[in-house]
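The values are calculated or read from the model by the stated rules, or taken from the named source; none is laboratory data. Just so you know, these numbers come straight off a predicted model, no measurement behind them. Ideal geometry is used to build each Cβ from the backbone, glycine not excepted, and the neighbour counts take in all protein chains shown. These area figures cover heavy atoms from the full protein model, side chains too; ligands, DNA and RNA do not enter into them. Shrake-Rupley method; radii C 1.70, N 1.55, O 1.52, S 1.80 Å.
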Amino acid sequence: MPVISFISPKGGVGKTTAATLLATQLARKARVIIIDADPNRPIAAWSQLKGCPDNISIVSDANQENILDKIEEAHATAPFVVVDCEGTASLTVAYAIGASDLVVVPTQGSQLDAKQAAKALSLIKNTERQSRRPIPHFVLLTRTNPVIKPRTLTSIHEQLRDHGVNLFHTQMHEREAFKAMFSFGGTLETLDRAQVNNIDKAILNARDFASEVVDILKAAQNGAGEGAHPSTTSAPMASSKVA
Ligand SMILES: Nc1ncnc2c1ncn2[C@@H]1O[C@H](COP(=O)(O)OP(=O)(O)OP(=O)(O)O)[C@@H](O)[C@H]1O
Ligand SMILES: [Mg+2]
């Protein structure tokens, strides 16, 4: 079943946040296994707090030696597998890319961040060459302002598009609720409205992201081309079935 990995050599760009949001939204309808492949185990720590949904299982002992086994086992048993990688360009990350049906590259909207995203994209390209198969991959803009679109962000958007990079239409906005989930545990839906602002907007944002991921996986399953966005293209590719 589809394996979705979150990678970026840059630390702190929102990989763990976006991976957990995706997993918790998918888990509303299906079982999800999260492989916490970051040696700091941030998602395993979140799952120890109260309110982790019953149909999310966490694999918290993944490392360079066993990551492929862990992904294979999860892939055989759960409708969705989400892999959260550490913020470096390690062999573990390369293995995760090679075993993925979709690679998400979160990046913040600065020129320096975009350069780091370019490194991630080049790692994906090399893995594609090595495995002789296209690996669908999309850049996800994170921590963006939901109201103001700064010029830098517009310019990065254009640069990425000019280089043929696929961008998620959805951006993960800067939201207090996304941080709060890691402080209080549980999901956006179980956060206390008296303690956290704008939960509904955060939920909408996370659901938009999850449905875009599902659409991309479905398009790939139905034979869309490498990195094709379901709303813009319909060429051939991909292997696994979407639940
Ligand atoms: N969309 C967002 N809105 C608000 N805060 C965010 C958002 N995305 C990330 N953050 C915050 O930014 C910090 C880094 O996020 P996160 O841990 O998800 O990044 P990461 O890429 O997984 O980092 P690392 O490379 O260290 O694993 C955290 O404090 C997190 O709460
Ligand atoms: Mg992380």
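What tally of residues in the stretch 1-15 results from selecting those that are open to solvent by 10 Å² or more (accessible area, probe 1.4 Å) and within 8 Å of the chain's Cα centre (by Cα)?
1
Residues checked against (1) modelled with pLDDT of 95 or more; (2) surrounded by 18 or more Cβ atoms within 10 Å (Cβ to Cβ):
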residue: E176; (1), (2): yes, no
residue: I199; (1), (2): yes, yes
residue: I203; (1), (2): yes, yes
residue: A210; (1), (2): yes, yes
residue: D215; (1), (2): yes, no
residue: N222; (1), (2): no, no
residue: T233; (1), (2): no, no
**Message:** So, Q116, is that one in contact with a strand residue (DSSP E or B) (Cβ under 8 Å, 6 or more places away or on another chain) and not hydroxyl-bearing (S, T, Y) or not?
**Reply:** yes
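To keep it simple, each residue is scored yes or no on (1) over 30 Å from V196 (Cβ atoms); (2) touching a Leu at 6+ places or on another chain (Cβ under 8 Å); (3) away from ligand 1 (no atom under 16 Å from the Cβ).
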{"position": "T92", "(1), (2), (3)": "yes, no, no"}
{"position": "D113", "(1), (2), (3)": "no, no, no"}
{"position": "P134", "(1), (2), (3)": "yes, no, yes"}
{"position": "A177", "(1), (2), (3)": "no, yes, no"}
**Request:** Taking the residues in the stretch 27-62 that are within 16 Å of ligand 2 (Cβ to nearest atom) and of a type in the set (D, E, K, R) as candidates, determine which candidate is most open to solvent (accessible area, probe 1.4 Å).
**Result:** R41
**Message:** Yes or no: the stretch 16-26 includes at least one residue that is more than 15 Å from ligand 1 (Cβ to nearest atom), open to solvent by 60 Å² or more (accessible area, probe 1.4 Å), in contact with a Phe, Trp or Tyr (Cβ under 7 Å, 6 or more places away or on another chain) and not small (G, A, S).
**Reply:** no
